[in-house]
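Below is one structure, written out as structure tokens; comments come after it.
The values are calculated or read from the model by the stated rules, or taken from the named source; none is laboratory data. Small disclaimer: the values here were computed from a predicted structure and weren't measured. Glycine gets a Cβ as well: all are built from the backbone with ideal geometry, and neighbour counts include every protein chain shown. The protein model used for the area step is the full one, side chains on, heavy atoms only, and it has no ligands, DNA or RNA in it. Shrake-Rupley method; radii C 1.70, N 1.55, O 1.52, S 1.80 Å.
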Amino acid sequence: NNMELAQIREVALQAFVNLKDELEVTIDIEIVDATNVLELLDSMDIVSLIMETEGLVEALLGRYIALANESTFDADGSPLLSFNTWVGYIKEMVEENNE
């Protein structure tokens with residue numbers, strides 16, 4: 001039950017759409033590989049983004065995968081420093097949790 005990178009990318013993008021639509025977070029740029037998510041969103045919105053992403057991943061996989069850890073908010077090493085790294089990080093977490 002492995003997720004393809006393209007699928008994860010879609011889910012990760014969908015989370016931003018949901019933030020915009022449901023939480024009325026202002027996201028006025030197109031999300032591309034190089035987008036720095038930490039600079040784009042404030043910390044409350046980042047928490048919402050992570051939870052939203054977790055929910056979408058869970059809906060796809062049928063199981064919960066935690067995406068937040070101490071590195072998520074680390075200004076130097078966070079996977080959220082670029083959208084591309086974030087997608088890769090989600091894929092990694094999914095694979096680590098593959099029974």
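Computed quantities for the displayed model
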{"quantity": "Test: residue in region 49-56 that is in contact with a helix residue (DSSP H, G or I) (Cβ under 7 Å, 6 or more places away or on another chain), of a type in the set (Asp, Glu), at pLDDT 95 or above and open to solvent by 20 Å² or more (accessible area, probe 1.4 Å)", "calculated": "yes"}
{"quantity": "Some residue of region 23-39 being at pLDDT 90 or above and either at positive phi or of a type in the set (Lys, Arg) (or both)", "calculated": "no"}
{"quantity": "Hits in region 56-74 - residues which are assigned to a helix (DSSP H, G or I), of a type outside the set (Asp, Glu) and free of Cβ contacts under 8 Å to residues at least 40 places away in the same chain", "calculated": "59, 71, 72, 73"}
{"quantity": "Tally, over region 75-93, of residues that are part of a loop (DSSP other than H, G, I, E, B), open to solvent by 50 Å² or more (accessible area, probe 1.4 Å) and without any contact (Cβ under 8 Å) to a residue 12 or more places away in the chain", "calculated": "1"}
{"quantity": "Residues located in region 1-31, provided they are under 17 Å from residue 52 (Cα atoms), of a type in the set (A, V, I, L, M) and assigned to a helix (DSSP H, G or I)", "calculated": "8, 11, 12, 13, 15, 17, 19"}
{"quantity": "Residue selected from region 11-41 under the condition of a type in the set (Asp, Glu) and touching a helix residue (DSSP H, G or I) at 6+ places or on another chain (Cβ under 9 Å), by the criterion most open to solvent (accessible area, probe 1.4 Å)", "calculated": "39"}
{"quantity": "Residue check for residue 44: surrounded by 11 or more Cβ atoms within 10 Å (Cβ to Cβ) and either more than 28 Å from residue 98 (Cα to Cα) or modelled with pLDDT of 95 or more (or both)", "calculated": "no"}
